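Each remark here refers to the structure printed beneath this line.
The values are calculated or read from the model by the stated rules, or taken from the named source; none is laboratory data. Quick caveat, the model's predicted, so the values are computed rather than measured. Here the Cβ positions follow ideal geometry from the backbone for every residue, glycine too, while neighbour counts run over all protein chains shown. Areas reflect the complete protein model, heavy atoms only, side chains present, ligands, DNA and RNA absent. Shrake-Rupley method; radii C 1.70, N 1.55, O 1.52, S 1.80 Å.
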Amino acid sequence: MIDFVVHEDGDSVGTIVVEGVKAGAKLTGWVMEQDQTIAVKTVSDIPIGHKIALKDLANNDTVIKYGVDIGRTVAPIKAGEHLHVHNVKTKRW
């Protein structure tokens, strides 16, 4: 079963596609561009449609999704942690 999707290898986040993801869960992700699966253990609860970190990110790191820059972190984020508006901001303003 696929729990999250990633557009391409090199993205730093995936998108959760199932309900009820809890901290400590082992999730399976599908990397669409390469048609491969990866595994990530969560460190926080993550709602469906929200992002999961695929690697550790430092404060002010660029977040890559769909192979493009979607913003920057405003706090350190661990692999498996929830990414959303509380810890990622656009670079536009």
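Restricted to the range 60-85, and to residues there that are among the basic types (Lys, Arg) and in contact (Cβ under 8 Å) with a residue 24 or more places away in the chain, the residue that is surrounded by the fewest Cβ atoms within 10 Å (Cβ to Cβ) is Lys78.
Filter the range 40-59 down to residues that are within 19 Å of Gly10 (Cβ to Cβ) and open to solvent by 80 Å² or more (accessible area, probe 1.4 Å) and give me whichever is farthest from the chain's Cα centre (by Cα). That would be Asp56.
The numbered conditions (1) closer than 15 Å to His82 by Cβ; (2) free of Cβ contacts under 8 Å to residues at least 24 places away in the same chain are all true for Leu54 except (2).
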